[in-house]
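Below is one structure; the comments refer to it alone.
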Amino acid sequence: MTASLKNELDLAAYWMPFTANRQFKAAPRLFSGASGVFYRTVDGRDVIDGSAGLWCVNAGHGRREITDAVAQQLDELDYAPSFQMGHPKAFEFATRLAKLAPDGLGRVFFTNSGSESVDTALKIALAYHRARGEGHRTRLIGRERGYHGVGFGGTSVGGMVNNRRAFGSLLAGVDHLPHTHNLQANAFSRGQPAWGAHLADALLDLIALHGAETIAAVIAEPVAGSTGVLVPPVGYLEALRAICDKHGILLIFDEVITGFGRLGQPFASQYFGVTPDMITTAKGITNGTVPMGAVFARDSIYDAFMKGPEQIIELFHGYTYSGHPIACAAGLATLDIYDREQLLTRVNAIADVWADALHSLRDLPNVIDIRNLGLIGAIELGSRPGAPGARGYDALVAAFNSGLYFRTAGDIIALSPPLTITVEQIGQLMAVLRKVLLGVK
């Protein structure tokens, strides 16, 4: 940060999210521009974007097509209400999104974030069972170490302890499955680990405890991202799907991170060949340019609500900015880029290069695990005695100073660069990361 800007910029008023505010404001890390796979700092340095912003800038930064589409939409229609009214682009965008979704998930409900998408999907699940005469299905099942945003519903089904502990009892009637991370059995796996499919059977234990007739839905990230990239064991997601089918429980995949090409298919459910009943999305839906999210639901779920007098609102839920014209314009332009540059499947051509480069860091000090799938990766560092997370934070700061940005979850480095990254840029990213990890004690 330049001395002149530090003197001019007042950092006090902004209460930053998910940030150690006092630590940050003592030594700020500020971006002022971005292009392609690089950020530009306020002091003029280029920094490789190793995390696609917050897992969202899939098509890279500074896409002129999106800028132009947003500007044109602002001139044409800046806002339109979504309650009892509409505008053409919302319907156009929903139609195009539905064509990307797994077969049968043809209904799209617009939100403004991943957190809102999760809370929306949970409410739809509860209301769906009630519409079918099974209103006693009210229990929601998440997973340990799951992240489903910061709404009360998403926090309740989420399983990251620090995200929950300060906020009281949260929602009642929520339980959790165990996570699938096991260093003894699966350390340094390339792709899906072989061990762990049996952990899905924990859902049978919860069914035995609570009764299947009380359970509305299970929600899971196909690949748990924010907790440190936990890749599902071979057969695990298939087992969850089979158990839910047998017991009439809805299965929700949280694809806020894995949606829109991260695994080389439009959605992770298509990569794994497991179709849930709902998919929650956000982030890459507009390339991170305008806040937006969407829930994809099975046609049969939508149809369950379409009964009774036609003038009656079927679902008493929504947001002031659902299907916002500007967000829809940005989303349509983003889909055009994805289609023209084949970005939703591009990862298939570079996944092996990514995996090789990532696992080449296995020999570095303090590295206790490396895992990957598609264009996602994680490097887990051993924690310092009595100071969990300190080594990861030092790596984050050192990387920023060396020209690389990434996300950390404690002592885990999470990587998910833009889908546009080249083989040469992957090598550049890994070279910087190697230097950083060699220097962090």
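The values are calculated or read from the model by the stated rules, or taken from the named source; none is laboratory data. Owing to the predicted nature of the structure, the values given are computational and were not obtained by experimental measurement. Don't worry about glycine lacking a Cβ; one is built from the backbone with ideal geometry, like all the others, and counts go over all protein chains shown. SASA here: full protein model, heavy atoms, side chains in, ligands and nucleic acids out. Shrake-Rupley method; radii C 1.70, N 1.55, O 1.52, S 1.80 Å.
Using only DSSP helix segments of four residues or longer, with each worth -39500 (n - 2.57), what per-residue ellipticity at 222 nm results for the chain after dividing by its residue count and rounding to 500? Each step should come with its number before you reach the end.
Numbers: 17 runs with 170 residues, N = 441.
Taken over the chain, the calculation gives -11500 deg cm²/dmol.
Provide the packing ranking of 111-122, 186-197, 208-219, i.e. peptides ordered by the mean count of other C-beta atoms within 10 Å per residue, highest first.
Values: 111-122: 26.8, 186-197: 17.0, 208-219: 18.8.
Descending packing order for the listed peptides: 111-122, 208-219, 186-197.
For segment 191-335, the spread of Cα positions along the three principal axes, ordered from largest to smallest, is 45, 42, 23 Å.
What you get for segment 300-418, charging only the Cβ of Lys and Arg (+1) and of Asp and Glu (-1), is a dipole of about 320 debye around the Cα centre.
To the nearest 0.05, how large is the calculated FRET efficiency for Leu77 and Leu9 if R₀ is 41 Å and r is the Cβ-Cβ distance?
Details: r = 35 Å, r/R0 = 0.86.
The formula returns an efficiency of 0.70 here.
The value given for segment 353-441 is a Kirkwood hydrodynamic radius of 13.0 Å, derived from the mean inverse Cα-Cα separation. Under a 5 Å amide H cut-off, with hydrogens placed 1.01 Å from N, Arg384 pairs with Gly389, Ala390, Arg391 among residues at least 5 apart or on other chains. Inter-part distance, segment 242-308 to segment 417-433, computed on C-alpha centroids, equals 29 Å. Sequentially through segment 56-63, phi angles give Karplus couplings (6.51, -1.76, 1.60; θ = phi - 60°) of 10, 8, 5, 8, x, 7, x, 7 Hz, Gly and Pro residues having no value and appearing as x.
Partners of Lys123 within straight-line reach, counting lysines whose Cα lies under 27 Å from its Cα and excluding those fewer than 8 residues away in the same chain: Lys89, Lys99, Lys246, Lys283, Lys307. Going Cα to Cα from Lys441, which lysines come in below 27 Å? Please leave out same-chain ones fewer than 8 positions away. Straight-line reach from Lys441, under 27 Å: Lys25.
In nm², what is the average projected area of the convex hull enclosing the Cα atoms of segment 53-120? Provide the component values of the computation, followed by the final result.
Numbers: hull surface 24.8 nm².
For the Cα atoms of segment 53-120, the hull's average projected area reads 6.2 nm².
Based on the mean of other beta carbon atoms within 10 Å per residue, what is the order of 394-403, 158-167, 408-417, 372-381, most packed first?
Values: 394-403: 18.4, 158-167: 14.4, 408-417: 23.0, 372-381: 25.4.
The peptides rank, most packed first, as 372-381, 408-417, 394-403, 158-167.
Taking Cα centre as origin and charging only the Cβ of basic (Lys, Arg, +1) and acidic (Asp, Glu, -1) residues, the dipole magnitude of segment 137-207 rounds to 200 debye. The order of the peptides 224-232, 300-308 by mean Cβ neighbours within 10 Å, most packed first, is 224-232, 300-308.
Hey, could you grab the Kirkwood Rh for segment 1-148? Inverse mean 1/r over distinct alpha carbon pairs, Å, one decimal. Answer for segment 1-148: a Kirkwood hydrodynamic radius of 20.2 Å. Each listed q (0.26 Å⁻¹) maps to a log10 I(q)/I(0) for segment 1-86 from the Debye sum over equal C-alpha point scatterers, namely -1.21.
Report the net charge of residues surrounding Ile141, where surrounding means a beta-carbon distance below 12 angstrom and charges are Lys +1, Arg +1, Asp -1, Glu -1. The partial results should precede the final answer.
Values: positive: Arg137, Arg139, Arg143; negative: Glu144, Asp175, Asp205.
Around Ile141, the charge tally is 0.
Can you tell me which of Met85, Met430, Met278 moves the most in a GNM of the chain? Springs connect C-alpha atoms under 10 Å apart. Its mean-square fluctuation being the largest, the pick is Met85.
Rounded to the nearest whole Hz, the Karplus-based 3J(HN,Hα) values (6.51 cos²θ - 1.76 cosθ + 1.60, θ = phi - 60°) of segment 299-310 follow the sequence 4, 5, 5, 4, 4, 5, 8, 7, 9, x, x, 5, with x at glycine and proline. Within the same chain, aspartates and glutamates fewer than 8 places from Lys435 are excluded, and of the rest, those with a Cα less than 20 Å from its Cα are Asp46, Asp49, Asp356, Asp363, Asp369, Glu380, Asp394, Asp411, Glu424. Based on every Cα atom in segment 94-236, Rg and the maximum pairwise Cα distance Dmax equal 16.2, 48 Å.
Could you give the size of the charge dipole of the chain about its Cα centre, using +1 on the Cβ of each K and R and -1 on the Cβ of each D and E, expressed in debye and rounded to the nearest 20? Let's see the in-between values first.
Working: 38 positive and 41 negative charges, 207 e Å.
Result for the chain is approximately 1000 debye, rounded to the nearest 20.
Note on the chain: with a GNM built from Cα contacts shorter than 10 Å, the maximum mean-square fluctuation among Thr345, Thr275, Thr320 falls on Thr320.
Computed with a 1.4 Å probe on the full set of protein chains, the accessible area for Val42 sits at about 40 Å².
Distance from the Cα centroid of segment 357-413 to that of segment 171-219 is 26 Å (rounded to whole angstrom).
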